[in-house]
Structures are given as structure tokens and as C-alpha cells.
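All of the numbers you see were taken from the coordinates with simple rules; none came from a lab. Small disclaimer: the values here were computed from a predicted structure and weren't measured. All Cβ positions, even for glycine, are placed from backbone atoms using ideal geometry, and neighbour counts span all protein chains on display.
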Amino acid sequence: MSGDMNRRGFIAAGAALAGLTLAPGIRLIEIASAKPDNEPVTSKVRWGLLIDTTRCQSGCTECVAACGKENGLGEVKKPRTDAQWIRKIDLKELKTGRAVSLPMMCQHCANPPCVDVCPTGASFKRADGIVLVDRHICIGCRYCMMACPYKARSFVHEPHSDQNPEVPRGQGCVEGCTLCVHRVDRGGAPACVEACAAAGHNAMLFGDLNDPESAIAKRIREVKTTQVRADLKLDLGVRYEGI
Amino acid sequence: MRAIAIAVLWGLTLVPAPAFMAFAAAQAAEPGRTPLPAIAIEKPGQCVEPKDVMRRDHMKLLKHQRDKTLHQGIRTKPHSLNECISCHASQKTGSVTGAGGFCQSCHDYAAVKLDCWDCHQPKPGQKTAAGVKP
Ligand code: SF4
Ligand code: SF4
């Protein structure tokens, strides 16, 4: 890559490359996702994730490891209380013995119960659908943890010191998957998605649900996908294929 | 008679006057008596705002930027805490905290507790496979 290549060019090139290496129509990184640094996110975009459980391997924890590394989780090594932003779940239908494995994380609900119950306004949904906690405001009451149907949030029990500069986090606040918002804002994809592709599984697809031309929108138009606990009508940003 | 009275008065006041003057002189000659924050600018250059604006209003600028970044995804560099840190971190400790750290020396002096570092990384750095490297 030439040194004077600008960021947008680099991202476009990266996307083209990803387009060559993955299945037709599936691109890891959407070209349209690069937004200028000084512009606010808009509701024209809705970020989403599609998880293909037929490709996800039981026993593989590449996405969980990548999330921990990217976001500085697991520093304290107290498994009972360490924050979990993404976890692997194995499901088995007892009657038929059919088993699937899948990663579970914040589903980035369009109607998020965590935001409904938050007494301070710390839990909020960005215009582009990413649900976050503003730790400057969070008082650590943990109401959101109770309200979330997916057990997607964790309370940080211990002081921390080796945060990634782009992912500030610390004791006394609740947190959950951010869809790697710091990467997304620069036109990148979440760390778990990249790790899954790097491991050759390609079970996760990230993109803009609102863009009919995006790989994720095309895919959910073509195949049957499931929102977990769709009965709650939360309009999830994360969908699963094959469950 | 009048001259004598003035002389007596002068005599009375004359004694304490040199003592006071000596005290004042000692204070001027001993700068260490008044603690001052040690502000080490290791990378001289142009800050994002004039010095007096930064001294008085850096917290307002940071708060404004933090809300824009977190809630709107605006990630411009001026007024971003990470950019402050990358310029002002001590070359010795790699940090803006600790004894003599750019942020901490003033905040200790002003007795204003800094809780940024409960969550934010006070060392600039690029994330590597092994974690954050200063
Ligand atoms: S999955 Fe849980 S934490 Fe995420 S938006 Fe929905 S309710 Fe909130
Ligand atoms: S723990 Fe924080 S984010 Fe969750 S409900 Fe309480 S104040 Fe809101």
C-alpha cells in the first residue's frame, strides 16, 4: 500500500479485497460505512450483525478472545465477575440431537429495555442503532442488567488500569458490546467479525441493515433469519441464521 | 521640642522596620517556600487553544468533545482527551499522571481530584496483540 493513500482509499481497497476472498456478495467491510470524522452518525444507517450458526464451530472462541483483546476485558482474571461482552453458547435440541453453537452479545435492540429502565440516561441508543452506556453518567445501579433479556451487560467490579486508549472502562459502571463503535466510526468492522473471518469460519456478517445493497441486507432478504425472543418485539440488530 | 518628639517616634518604629524588611527579603530569595505546580512542556509547540483558554476552560472543552464523541460518533482530534495525552505524556513515565505528570501536578496543586483515569488510559499508545503498549 502506498504511503500517500488516503484512509477512504485504503478502506475501499480493503473492502474490494474482502469481496474477493469471501463468498460472492459477502463483503466484510462496507465501503459506504466510512463517515467523515466531523459528522454525526445518522439514522440513515442501522448497524447490524448476522450470525450464521451453520458455520459457527462448537468449541471455537476466536470471537470471544478477539473481543477481550480489543476491549481490554479479562484483566482481572476473576471468572465469576469478569465482564463478558460476548459469550459462546451451545444449543441442543433434545429430541433430535441437532446441535448448534453461536456467539451471543448485546442484540442492539431498536426498542432497548435497558434504555427504558435506566434512571440516569446513561444507557442510550445512537442514531445508527448502536446501544451504549455513557459511563460518565452511569451510577452502576444495574437496572439495565435486570432488564436486558439477553444477559448482555456486565458490571465492572474491579479497578482497571490497562485499558485500550480507545475503549475507556472502569470500576463501578455497567457495560456491554459496543459493536466496536470506535472501529465502526472509522469504517471498520467489529473485532469478533474480523477474527471469525481470519479463522476461516466466516460465520459473522456486519453491515448496514438500512442499505438494501449491503451484503447483510441482501442476505436477510434471501434466507430465513431469526431474532432471538422475537416475541418481545425489540427489533434486534443482531440476527441468527440456522436456529 | 517638636523635632525631639519625631525622633523618639522614629526610634520606636525603627526597630521593627528592618526586621520586617529582612523577612520580606528572605521570602523573595526562597522561591521554594510557595509550592508551584511543575508544568513540564516536553513537546513545545502550538496547543489547540491559547494557553489562558486551556488553563481556564480545558475541562469544558473536554466535556463538550466527550459528549459529541460518545453520543454522535464525532471523532475529530482537537479537544480529544487521547490527543491531549499523546502530546503531554511525560517522556520518562509515558504518562500524564504520577509525580510531575502534566495533568496531575496542576490538579494536585489545585486540589481538584482527577477521576478521568478510573476509566481512561493515561498513557498514549497503540493497542498491540499483547495489550496496550505505551
Ligand atoms: S440486548 Fe440488552 S443491553 Fe443490548 S440493547 Fe437490548 S436490552 Fe439493551
Ligand atoms: S447501571 Fe448505569 S446504564 Fe445501567 S440502568 Fe443504572 S445508570 Fe443506567
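Which FRET efficiency value, to the nearest 0.05, do you get for A:Arg142 and A:Asp162 by plugging their Cβ-Cβ distance into 1/(1 + (r/R0)^6) with R0 = 35 Å? Could the numbers behind the result be given before it?
On the way: r = 24 Å, r/R0 = 0.70.
That gives a FRET efficiency of 0.90.
Using the per-residue mean of other Cβ atoms lying within 10 Å as a proxy for protection, in what order, highest first, do the peptides A:114-125, B:32-43 fall? Let's see the in-between values first.
Working: A:114-125: 17.3, B:32-43: 10.3.
Peptide ranking by packing, descending: A:114-125, B:32-43.
Can you give the mean number of other chain Cβ atoms that lie within 10 Å of the Cβ atoms in peptide B:112-124? List each step's numbers first, then the result.
Details: counts 0, 0, 0, 2, 3, 4, 12, 14, 7, 11, 3, 4, 1.
Average neighbour count from other chains, rounded to a whole number: 5.
So what is the relative contact order for the stretch B:34-134, in percent, with contacts set as C-alpha pairs under 8 Å and at least six apart?
Numbers: 85 pairs, mean separation 28.6, N = 101.
Relative contact order for the stretch B:34-134 comes out at 28 percent.
Quick one: which residues, 5+ away or cross-chain, put their amide H under 5 Å from the amide H of A:Glu241? H built at 1.01 Å from N.
HN-HN under 5 Å from A:Glu241: A:Ile51, A:Asp52, A:Thr53, A:Thr226.
Residue by residue, what Karplus-based ³J(HN,Hα) values in Hz, rounded to whole numbers, does the stretch B:80-95 have, using 6.51, -1.76 and 1.60 with θ = phi - 60° and x for Gly and Pro?
8, 4, 4, 6, 4, 5, 5, 8, 9, 5, 5, 6, 6, 9, x, 9
With a ≥ b ≥ c the root eigenvalues of the C-alpha gyration tensor of the stretch B:34-134, is it rounded (a/c under 1.5), prolate (a/b larger than b/c) or oblate? All intermediate terms of the calculation are to be shown ahead of the outcome.
Working: a/c = 1.57, a/b = 1.15, b/c = 1.37.
Oblate.
Answer rounded, prolate or oblate for the stretch A:123-243, using the Cα gyration tensor with square roots of eigenvalues a ≥ b ≥ c: rounded when a/c is under 1.5, else prolate when a/b is larger than b/c, else oblate. Walk me through the intermediate numbers first.
On the way: a/c = 2.03, a/b = 1.47, b/c = 1.37.
Since a/c reaches 1.5 and a/b is larger than b/c, the shape of the stretch A:123-243 is classed as prolate.
What shape does the stretch A:61-166 take by its C-alpha gyration tensor, where a ≥ b ≥ c are the square roots of the eigenvalues and a/c under 1.5 counts as rounded, a/b above b/c as prolate, and the rest as oblate? Please list the in-between numbers first.
On the way: a/c = 1.92, a/b = 1.27, b/c = 1.51.
Oblate is the answer for the stretch A:61-166, as a/c is 1.5 or above yet b/c matches or exceeds a/b.
To the nearest whole number, what is the average tally of beta carbon atoms from other chains within 10 Å of the beta carbons of peptide B:76-85? Working shown, then result.
Numbers: counts 4, 2, 0, 0, 1, 2, 3, 0, 0, 1.
Across the residues of B:76-85, the mean count of other-chain Cβ atoms within 10 Å is 1.
Just round it to a whole percent: the fraction of Cα-Cα distances in the stretch B:47-88 exceeding 12 Å.
Details: 501 of 861 pairs.
Pairs farther apart than 12 Å: 58 percent.
Where does chain A land on Rg/Rh, using Cα atoms and the Kirkwood Rh? Show your work: numbers first, answer last.
Numbers: Rg = 17.8 Å, Rh = 18.7 Å.
Reported Rg/Rh, Kirkwood definition of Rh: 0.95.
Which is farthest toward the positive dipole end of the stretch A:42-241 among A:Val64, A:Val228, A:Asn164, measuring Cα position about the Cα centre, with Cβ charges +1 (Lys, Arg) and -1 (Asp, Glu)?
A:Val228
Residue-wise, which Karplus ³J(HN,Hα) couplings in Hz belong to the stretch A:161-176, taking 6.51 cos²θ - 1.76 cosθ + 1.60, θ = phi - 60°, and x for glycine or proline?
9, 10, 5, 5, x, 8, 10, x, 7, x, 4, x, 10, 9, 8, x
Pull up the cross-link candidates among the lysines for B:Lys113, meaning alpha carbon to alpha carbon under 22 Å and not fewer than 8 places away within one chain.
B:Lys51, B:Lys60, B:Lys63, B:Lys123
Report, in listed order, any pair from B:Lys43/B:Lys77; A:Lys151/B:Lys68; A:Lys88/A:Lys125; A:Lys69/B:Lys77 with a Cα-Cα distance greater than 19 Å.
Violating the 19 Å limit, Cα to Cα: A:Lys151/B:Lys68; A:Lys88/A:Lys125; A:Lys69/B:Lys77.
Using alpha-carbon positions, what is the distance between the centroids of the stretch A:96-166 and the stretch B:82-128, in Å?
28 Å
Quickly rank B:44-53, A:169-178, B:79-88, B:109-118 as a protection proxy: mean count of other C-beta atoms within 10 Å, highest first.
Working: B:44-53: 10.2, A:169-178: 21.7, B:79-88: 18.8, B:109-118: 12.6.
Sorting B:44-53, A:169-178, B:79-88, B:109-118 by mean packing, highest first, produces A:169-178, B:79-88, B:109-118, B:44-53.
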